[in-house]
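The values are calculated or read from the model by the stated rules, or taken from the named source; none is laboratory data. A quick note: this is a predicted structure, and the numbers were derived from the prediction, not measured. Because the Cβ atoms are built from the backbone with ideal geometry, glycine has one as well, and the counts that use them run over all protein chains shown.
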């Protein structure tokens, strides 16, 4: 259940980031924006049901295993909280304590220690650097396909992985070739368009597989964003070619979202700052 809650929370976060980015791009009045809002509302209801405290009965027990574990952990933390001396230290007896004898340094040793100048960063300085740093979260990204070649919305993508290949074209130091492979994971879907036709991921993958090997689809973009939807940097995978696909099967033993993996090759990866990406 904890895995299910984590999955739903991360998916909800992805929806929110995508909606924020679409607002900034002026795409609020599009069918995709409306569809994401709908999916987000459904997911919020499902997450609320998992965490609904009303499932607790009068005896403070619950059929919700996750809530039971949280309640159990809270009681344990409260009992053994070192900040509450009446709960923690009062429960410790003399038999629980172990005493150690420490050697007292003589005057010469203390003098030598005082003469040493050991420069260490202050704790406040470290905390300040941490608080002012822009950390990159693994769930803060948006992948964009060329929609005329692959009709997959950004919010369908649940993950991506890239790896540069060793350069084999030549031995020149000025060679700029840094191609590699890009693997994108997509949540399986089937949706009805406004014109009555269906957009089915399985059909998209099948069409890509039928086309000639190394089918060129163009550039794929990955926008790395913060929790407010603001872009931190842009990854551009140039001249991507579809290579192969793989997918989860179907199994009654799980209710997890089915994943489809798309593998591409690219000629070059470019990292752009937000200002560069806008230009």
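A few points about this structure:
Residues checked against (1) surrounded by 12 or more Cβ atoms within 10 Å (Cβ to Cβ); (2) out of contact with any strand residue (DSSP E or B) (no Cβ under 7 Å at 6 or more places or on another chain); (3) at pLDDT below 80:
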{"residue": "16", "(1), (2), (3)": "yes, yes, no"}
{"residue": "33", "(1), (2), (3)": "yes, yes, no"}
{"residue": "61", "(1), (2), (3)": "yes, yes, yes"}
{"residue": "76", "(1), (2), (3)": "no, yes, yes"}
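- Count of region 146-179 residues which are at pLDDT 90 or above and either part of a strand (DSSP E or B) or not assigned by TED's automatic domain parsing to the domain that holds residue 263 (or both): 7
- Counting only strands (runs of 3 or more DSSP E) wholly contained in region 199-279, no element carries 2 or more residues that are surrounded by 16 or more Cβ atoms within 10 Å (Cβ to Cβ), touching a residue at least 60 places away in the same chain (Cβ under 8 Å) and not assigned by TED's automatic domain parsing to the domain that holds residue 184.
- Qualifying residue in region 262-269 (condition: more than 17 Å from residue 152 (Cβ to Cβ) and in contact with a helix residue (DSSP H, G or I) (Cβ under 8 Å, 6 or more places away or on another chain)): no
- Check on residue 182, assigned by TED's automatic domain parsing to the domain that holds residue 155, surrounded by 15 or more Cβ atoms within 10 Å (Cβ to Cβ), touching a helix residue (DSSP H, G or I) at 6+ places or on another chain (Cβ under 8 Å) and part of a strand (DSSP E or B): no
- Qualifying residue in region 21-30 (condition: surrounded by 14 or more Cβ atoms within 10 Å (Cβ to Cβ), touching a residue at least 60 places away in the same chain (Cβ under 8 Å), within 18 Å of the chain's Cα centre (by Cα) and in a helix (DSSP H, G or I)): yes
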